[in-house]
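To keep things clear, I will list the structure first and then write my remarks on it.
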């Protein structure tokens, strides 16, 4: 089975390939449907404004978390392992935002028999505004 | 009433529940079709990886079959609906509005078709302070998922925000 990236192929400072989605109700409603996540602030502009977002309904934080996982999976491929991902939701995903997942390697270690790569992660909007700083730990296949 | 007039959003129930495991749930068996739909929705409008929907392909990977995306939620669509926002309508009163602050998830074994997942949660801690939203309560909740063999699927520490 092909491997996207080996532990020996990356180094601290490397960035993962950019991964983007432009989101609106087409993305949000599909995610709401599978996650059974029907919350008015994500469905209704009036409810969004009542929650102090002047532009109305806004996207789910959980979907941006999903995007982070998707970007990692697309980068590492099917033979690698996502061991940990965390993030904080600091800004809102507005309708029609183009969100780009970013990731930069901060450390690489062999621990517990696993070739682990540590990354700083974020989801950045089209204005360059970071919306959810976070981190990830992935386990890459080794040539060794 | 404005949120500035509320003295605290911490309730006696929160003190009683601190560090107590509760809300044990058992999922319906995970199905291939649920995994496929989850992957389609999360990767929309692009095609998701074959690992999540092509059994023949997935059989040749280290996983020996389809696995679920790591954020797959086997507890979606319960028969008995927990009391919540849907029935009550939008929440606009101070102290009742909520947001998802974020989470850290640590993953063990992946979820596969046929798995039955057991979940339990406990309230870990909280912190209350005045923010630009008014009086705001940050709660930290730990969740643990295990499969039918008792293997750890994941732990999640999530931050809830109420204001």
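Annotations
- Matching residues, region A:41-60, being crowded, with 20+ Cβ neighbours inside 10 Å and without any contact (Cβ under 8 Å) to a residue 24 or more places away in the chain: A:41, A:42, A:47, A:48, A:51
- When we screen A:65, A:31 for residues that are touching a helix residue (DSSP H, G or I) at 6+ places or on another chain (Cβ under 7 Å) and either assigned to a helix (DSSP H, G or I) or away from chain B (no Cβ under 13 Å) (or both), the only hit is A:31.
- Any chance residue B:149 is over 30 Å from residue A:44 (Cβ atoms) and surrounded by fewer than 16 Cβ atoms within 10 Å (Cβ to Cβ): yes
- All positions within region A:75-99 that are facing chain B (nearest Cβ under 7 Å) and either at pLDDT 95 or above or more than 21 Å from residue B:136 (Cβ to Cβ) (or both): A:78, A:79, A:82, A:83, A:84, A:85, A:86, A:87, A:88
- Annotation note: of A:81, A:85, the sole residue that is under 30 Å from residue A:142 (Cα atoms) and surrounded by 22 or more Cβ atoms within 10 Å (Cβ to Cβ) is A:85.
- The set of residues in region A:113-129 being surrounded by fewer than 16 Cβ atoms within 10 Å (Cβ to Cβ) and part of a strand (DSSP E or B) consists of A:120 alone.
- Qualifying residue in region A:15-28 (condition: over 12 Å from the mean Cα position of the chain (by Cα), assigned to a loop (DSSP other than H, G, I, E, B) and facing chain B (nearest Cβ under 7 Å)): no
- Comparison of A:57, A:80 shows that the only residue that is under 22 Å from residue B:71 (Cα atoms) and more than 15 Å from the chain's Cα centre (by Cα) is A:80.
- Options B:100, B:73: the member that is closer than 19 Å to residue A:63 by Cβ, touching a helix residue (DSSP H, G or I) at 6+ places or on another chain (Cβ under 9 Å), free of Cβ contacts under 8 Å to residues at least 40 places away in the same chain and facing chain A (nearest Cβ under 8 Å): B:73
- Here residue A:110 fulfils each of the conditions (1) surrounded by fewer than 14 Cβ atoms within 10 Å (Cβ to Cβ); (2) within 11 Å of chain B (Cβ to nearest Cβ) apart from (2).
- Scan of region B:26-45 for residues that are outside any helix (DSSP H, G or I) and either within 8 Å of chain A (Cβ to nearest Cβ) or at pLDDT below 95 (or both), ordered by number: B:44, B:45
- Against the numbered list (1) within 11 Å of another protein chain (Cβ to nearest Cβ); (2) over 15 Å from the mean Cα position of the chain (by Cα); (3) surrounded by 17 or more Cβ atoms within 10 Å (Cβ to Cβ), residue B:133 comes up short only at (3).
- Failed item, numbered, when residue B:61 is tested on (1) facing chain A (nearest Cβ under 7 Å); (2) assigned to a loop (DSSP other than H, G, I, E, B); (3) closer than 17 Å to residue A:32 by Cα: (3)
- Among the criteria (1) farther than 21 Å from residue B:110 by Cβ; (2) facing chain B (nearest Cβ under 8 Å); (3) outside any loop (DSSP other than H, G, I, E, B), the one residue A:132 does not fulfil is (3).
The values are calculated or read from the model by the stated rules, or taken from the named source; none is laboratory data. Just so we're clear, the structure is a prediction, and the values are computed from it rather than from any experiment. Backbone-built Cβ (ideal geometry, glycine too); neighbour counts: all protein chains shown.
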